[in-house]
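Enquirer: Pasting a structure here, questions to come.
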Amino acid sequence: MPELPEVETVRRSLLPLIGRTIRRVDVRLPAAIRTHRPVQFAKVLAGKSVRKVERRGKALLISLSSGWVLVVHFKLWGLLRFSAEGIRPDRETAVIVHFKRGGDLEFRELQLSTIELYKQRRLPRIEYLANLGVDPLSAEFTKERLWELMQRRVAVRALLTDQERIAGIGNLWAHEILHAAGLRPGRQAIALTLAEVEGLHQAVRRVLRSGIARGGEPEFSDALERKGRVRLAVYGRAGQPCPRGDGTIVAARSGGRPSFFCPACQH
Ligand SMILES: [Zn+2]
């Protein structure tokens, strides 16, 4: 599932599209578009140019001329791919945006992920965007803010992945962060000490930043098809040695989702 580091990685790989103008749009899987019929969608996009590419939580926002914004809401899976030579569609191709003077942007492998098209002024009324919590890489995400967020009787893993409190962290990166912080996923948020919350705050920033620097998790690739180079410490690594060399990663389930930790260094 693309999370903050992956969406930020794909955002950065799309920055060269700024200033380019859309020639036409080919909708191959109409169900991927939630706000428009394919013909309307293509009609709105034709002739618009790319102004900005932003991320909010796990959503990618591509702002176009005339006040339109394409919102890619990543859920289970989804990839964007740009090719200067053009894209040859296959059965995973949902939409291809053809640019003037060459180059195609493909939206593909959309598993529950959606493409929506809105006028900029409508964005504050889009429920998912309006309800997003603090961005963990923003200046507002201070250790005091995290301490306040932690004052709840829920597992710390559930709190880190609650998009209405902290935006962008999903199950994979929550586990990597908790390993870096030495905390077990099932710990009650409210029971953490001040020192533990401070350590967690640092781990959130450090792990997400290094995830972005390495292009995200290894199954993901950016719009130029560069693979993620992160070596995961715990997620999906049950039975393998902890990278700290002190124990073996164990798997559990919590809240119906897989959970991983090292019993030796996470408490
Ligand atoms: Zn360990």
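Just so it is clear, none of the values below were taken in a lab; they were calculated from the coordinates. All figures in this text were calculated on a predicted structure; none of them were measured in a lab. Glycine also receives a Cβ, built like all others from the backbone with ideal geometry; neighbour counts cover every protein chain displayed.
Enquirer: Can you compute the modelled spin-label distance between A191 and A46, with each label point 7 Å from Cα toward Cβ, in nm?
Expert: 6.2 nm
Enquirer: Another question about this same structure. So what is the relative contact order for segment 139-236, in percent, with contacts set as C-alpha pairs under 8 Å and at least six apart?
Expert: It rounds to 25 percent for segment 139-236.
Enquirer: Provide the gained length on full extension for the span Q111 to Q151, in nm with one decimal, where the gain is 0.36 nm per separating residue minus the Cα-Cα distance.
Expert: 11.0 nm
Enquirer: Here's another thing I want to ask about it. Under 8 Å for C-alpha pairs, at least 6 residues apart: give me the relative contact order for segment 4-130, rounded to a whole percent.
Expert: For segment 4-130, the relative contact order is 28 percent.
Enquirer: Can you pull the one-decimal nm distance between simple spin-label points at T35 and R209, each 7 Å off the Cα toward Cβ?
Expert: 3.4 nm
Enquirer: Follow-up. For the chain, what does the relative contact order come out to in percent, with C-alpha contacts under 8 Å and a separation of six or more?
Expert: About 18 percent, as a whole number.
Enquirer: Can you work out the PRE-style zone for E198? Point 7 Å along Cα to Cβ, and I want the residues of segment 159-191 with backbone N under 18 Å.
Expert: 181-183, 191
Enquirer: Could you size up the charge dipole of segment 162-201 around its Cα centre, putting +1 on the beta carbon of Lys and Arg and -1 on that of Asp and Glu, and report it in debye to the nearest 20?
Expert: Computed charge dipole of segment 162-201: roughly 120 debye.
Enquirer: List the residues, sorted by chain then number, that are 5 or more residues from L224 or on another chain and whose placed amide H is less than 5 Å from its amide H.
Expert: F82
Enquirer: Given labels modelled 7 Å from the Cα in the Cβ direction, how far is it in nm from R91 to S138?
Expert: 4.2 nm
Enquirer: Which of the peptides 174-180, 162-168 is most tightly packed, and how do the rest follow, judged by the mean count of other Cβ atoms within 10 Å per residue?
Expert: Per-residue Cβ counts within 10 Å, averaged per peptide and sorted highest first, yield 174-180, 162-168.
Enquirer: Only Lys, Arg, Asp and Glu count, each charged at its Cβ (+1, +1, -1, -1), so figure out the dipole size of segment 1-154 about its Cα centre, rounded to 20 debye.
Expert: That gives a dipole near 620 debye.
Enquirer: Please report the antiparallel percentage of the DSSP beta bridges confined to the chain, to the nearest 5.
Expert: In the chain, approximately 95 percent of DSSP beta bridges are antiparallel ones.
Enquirer: Now for a different question. Within the set K75/K143; K58/K100; K75/K119; K43/K100, which residue pairs have Cα atoms separated by over 19 Å?
Expert: Where the Cα-Cα span goes over 19 Å, the pairs concerned are K75/K143; K58/K100; K75/K119.
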